[in-house]
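Student: Sending over a structure as structure tokens; questions will come in a sec.
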Amino acid sequence: MDRQQQFLLYIFSCFSFLLLFSENTRVYGSSHHHHHHHHRHRHLFDFRPSKLFVFGDSYADTGNNRNSLASSWKVPYGITFPGKPAGRFSDGRVLTDFLAKSIGIKSPIPYRWRKVVGIEHWKNGMNFAYGGTGVLSTLVPEPNMTTQIDFFQDIIHEKFYSGSDLHSSVALVSVAGNDYSNYIATNGTAQGWQPFITKVVNQLVMNMKRIHGMGVKKVVVTALQPLGCLPRSTFTSSFQQCNGTENELVSFHNLLLQQAVIKLNNDTKKGSTFAILDLYDAFMAVFKNKGEKPGSSKFVNPLKPCCAGISTAYSCGSVDANGAKKYAVCDDPGAAFFWDTVHPTQEGWRAVYSALLQEL
């Protein structure tokens, strides 16, 4: 049985547990959910951030993961920007780049390159995100999020960033689901989903508090995107429909996160220090978009990846022993929402970010 089938089996066996929570989830999924949007986003940037510090995984990594297995350094990654593979898990720019641009700064330097470039490149902040990692440890070697925050702490101790630098900064915390893929890969049980999701969110909340405690004024965390809509899940329906059971698990994660962020803000003297970037709603808004909104991208088949292995045994960027391609790339990455089986294209991220801005 391959990993995908195992996953579906797990997911379906989890469904019974999820029915227990679906009452809560539905409330937040409907009017209640939207009631909190404005509360959550209104003050996302009530000041002008001068620096961006980034933690998390491949949705935010701009070049830290140099592991030889990482696809982000293989052709055809980076074909749209910067024109060659440069460490982003996409054909071009990723979430970090769009957030930096909207703040009005350059994308922060990846931590790995901090000593290679001049110190003037540190002025926009620093990116500690590392593709494949999770909130907890995953099958990808370190650094998980705790270790990434340790790196940040070391840099602060080196006194490169002053207290006022940190106070005028924003942190982006990206969580795209690697903890959950790892849970399946290590044979986690169906009964264990609920406590495991709770454990991940609790640790995530501790991480956010820790980053804020180091002096960062604003901490923005991503809600989990609809994992059931990633091509790795939709290929069983020929990329026609999302896996609703997986998305129920995602809703449980997002519900816990939402409750935690409301509590964090209530406990913080300054009100809305913590905010959620609702990738779930943004992805869904893009999938449902028929191109009516001005400037919004319409994708003909948003669930189908642009770059995929010629069979499910292969992935985007894979080659055989002789270097022959084992994958195919679509004619126009700009017309595709997903780049590979997990990551959006640059155009996909642009659409998601404009959907987020409409929420903001």
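Read the figures in this text as sums done on the coordinates, not as results from a lab. Note that the coordinates shown come from a computational prediction; the quantities given were computed from them, not determined experimentally. Counting neighbours? That spans all protein chains shown, and the Cβs are built from the backbone with ideal geometry, glycine included.
Student: For Leu277, which sequence-distant residues (separation of 5 or more, or a different chain) have an amide H within less than 5 Å of its own amide H, given hydrogens modelled in the peptide plane?
Tutor: Here the answer is Val221, Thr222, Ala223, since their amide H atoms fall under 5 Å of that of Leu277.
Student: Please work out whether segment 50-202 counts as rounded, prolate or oblate from its C-alpha gyration tensor, where a ≥ b ≥ c are the square roots of the eigenvalues and a/c under 1.5 means rounded, while otherwise a/b larger than b/c means prolate and anything else oblate? Walk me through the intermediate numbers first.
Tutor: Values: a/c = 1.99, a/b = 1.33, b/c = 1.50.
Oblate, since a/c reaches 1.5 and b/c is not below a/b.
Student: Moving on to the next point. Restricting things to Cα coordinates, could you compute the convex hull volume per residue of the chain in Å³? Don't jump to the answer; show the numbers that get you there.
Tutor: Numbers: hull volume 49.4 nm³, N = 360.
Output value, Cα hull per residue: 137 Å³.
Student: Among Thr96, Thr62, Thr236, which one moves the most in a GNM of the chain with springs linking Cα atoms closer than 10 Å?
Tutor: Thr236
Student: Could you work out which residue, out of Val261, Val329, Val219, moves most in a Gaussian network model of the chain, that is, has the largest mean-square fluctuation with Cα springs under 10 Å?
Tutor: Highest fluctuation among the options: Val329.
Student: Return the lysines within reach of Lys159: Cα separation strictly under 28 angstrom, same-chain partners fewer than 8 residues apart disregarded; answer none if there are no such residues.
Tutor: Lys51, Lys101, Lys106, Lys115, Lys123, Lys209, Lys217, Lys218, Lys269, Lys270
Student: Using mean Cβ contacts within 10 Å as the protection proxy, how do 298-311, 48-61 order, highest first?
Tutor: Numbers: 298-311: 18.3, 48-61: 24.6.
Listed from highest to lowest mean packing, they are 48-61, 298-311.
Student: Sort the following peptides by mean Cβ neighbour count (other Cβ atoms within 10 Å, averaged over residues), highest first: 333-344, 201-212, 185-196.
Tutor: Working: 333-344: 23.8, 201-212: 19.7, 185-196: 13.8.
Final packing ranking: 333-344, 201-212, 185-196.
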